[in-house]
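Everything below concerns the one structure shown next.
The values are calculated or read from the model by the stated rules, or taken from the named source; none is laboratory data. The structure displayed is predicted, hence computed values, not measured ones. Virtual Cβ from ideal backbone geometry, glycine too; neighbours counted across all protein chains shown. Remember, those area values only see protein heavy atoms, side chains included, never the ligands or the DNA or RNA. Shrake-Rupley method; radii C 1.70, N 1.55, O 1.52, S 1.80 Å.
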Amino acid sequence: MSSAELVLSVEDLTVSFDGFKAIDSLNLYVDKGELRVIIGPNGAGKTTLLDLICGKTRASAGKIRFKNLEMTRLPEHEIVRAGIGRKFQTPSIYENLPVFQNLEVSFPRGRGVFGALAFKCDAEVRDRVHAVADEIGLADQLQTEAGLLSHGQKQWLEIGMLLMQDPELLMLDEPIAGMSVREREVTAELLERICKNRSMIVIEHDMEFVKRIAHKVTVMHQGKILAEGPMDKVQADPRVIDVYLGH
Ligand code: ADP
Ligand code: MG
């Protein structure tokens, strides 16, 4: 019997900050091609969980495996190279550079050599920039200084900068915060498009948006998983209503 292919498996993950367990014996399994949404009250440990997966924070105990590779003790840049991309809540684009250069500098380095090969590499980078700009809806803005983009466009640019690395797992922390209704709609379409070729973990509060994009929802509370499953099941769970949706 073959089940869906696992991309990420997190087991018994724990992190303590001065004795306080921000993540407490947590298990999480994400399939290939899955778009998982994590919800939960402020302080539940959602951002900390992403920090642990991308290597920004070290686990006190437990295991993180990505495509059967042990990630738990790897440095951040090796985790990126293995194929995990992560977008933080505060955008980190180069405001003074055009969209094109923002994408260009995000292409994984260490591939170019000299002469003809370097030239070939330039063409490869250019093609990739154009493909990603298309995907994030900024193909007509390549020469626009990033600082002049709308709030939503800046968020899409940052997602594009991550896509330049072609990650197999992309993690986004509250990607639609501050967006207009129209920008939210465009973002939902974008996320649906990009998860066709990769897995995603998205932290979000907007329940309409979650309902729209989630394949499965994980509800966190006090560093643990409170509930997990399809949105309608999770929404009807009395424990979830009690600690989160009821407020
Ligand atoms: P969420 O993203 O679900 O709102 P966080 O993961 O940001 O929650 O925080 C979970 C808990 O861990 C909070 O109580 C927070 O104060 C604490 N915490 C997070 N990072 C640190 C840290 N580096 N040092 C101490 N406490 C932290
Ligand atoms: Mg958070």
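Quick look at the numbers
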| item | result |
| --- | --- |
| Test: Asn42 is over 25 Å from Cys195 (Cα atoms), polar (S, T, N, Q), assigned to a loop (DSSP other than H, G, I, E, B) and within 16 Å of ligand 2 (Cβ to nearest atom) | yes |
| Members of the stretch 179-222 found to be more than 14 Å from the chain's Cα centre (by Cα) and hydroxyl-bearing (Ser, Thr, Tyr), listed by number | Ser180, Thr218 |
| Those residues of the stretch 63-84 which are within 14 Å of Leu49 (Cα to Cα) and assigned to a strand (DSSP E or B), in sequence order | Lys63, Ile64, Arg65, Ile84 |
| Only one of Ser60, Ser16, Ser106 that is over 24 Å from Val217 (Cα atoms), away from ligand 2 (no atom under 16 Å from the Cβ) and open to solvent by less than 30 Å² (accessible area, probe 1.4 Å) | Ser106 |
| Scan of the stretch 161-178 for residues that are open to solvent by 10 Å² or more (accessible area, probe 1.4 Å) and within 14 Å of the chain's Cα centre (by Cα), ordered by number | Met161, Leu162, Gln165, Asp166, Glu168, Glu174 |
| Check on Leu74, over 25 Å from Gly178 (Cα atoms) and within 16 Å of ligand 1 (Cβ to nearest atom) | no |
| Given (1) at pLDDT 95 or above; (2) surrounded by 21 or more Cβ atoms within 10 Å (Cβ to Cβ), number of the condition Tyr244 does not satisfy | (1) |
| Condition broken by Ile23, with the remaining ones in (1) modelled with pLDDT of 95 or more; (2) near ligand 1 (Cβ under 9 Å from one of its atoms); (3) surrounded by fewer than 21 Cβ atoms within 10 Å (Cβ to Cβ) satisfied | (3) |
| Every pair of residues 6+ apart whose Cβ atoms lie under 7 Å, when the first sits in the stretch 32-58 and is on the phi > 0 side of the Ramachandran plot while the second is part of a helix (DSSP H, G or I) and open to solvent by 30 Å² or more (accessible area, probe 1.4 Å) | Gly40/Tyr244; Gly55/Glu76 |
| Looking only at the stretch 212-225, and only at residues there that are open to solvent by less than 40 Å² (accessible area, probe 1.4 Å) and within 12 Å of ligand 1 (Cβ to nearest atom), the one that is nearest to Leu26 (Cα to Cα) | Gly223 |
| Leu50 within 16 Å of ligand 1 (Cβ to nearest atom) and either open to solvent by less than 10 Å² (accessible area, probe 1.4 Å) or among the hydrophobic types (A, V, I, L, M, F, W, C) (or both) | yes |
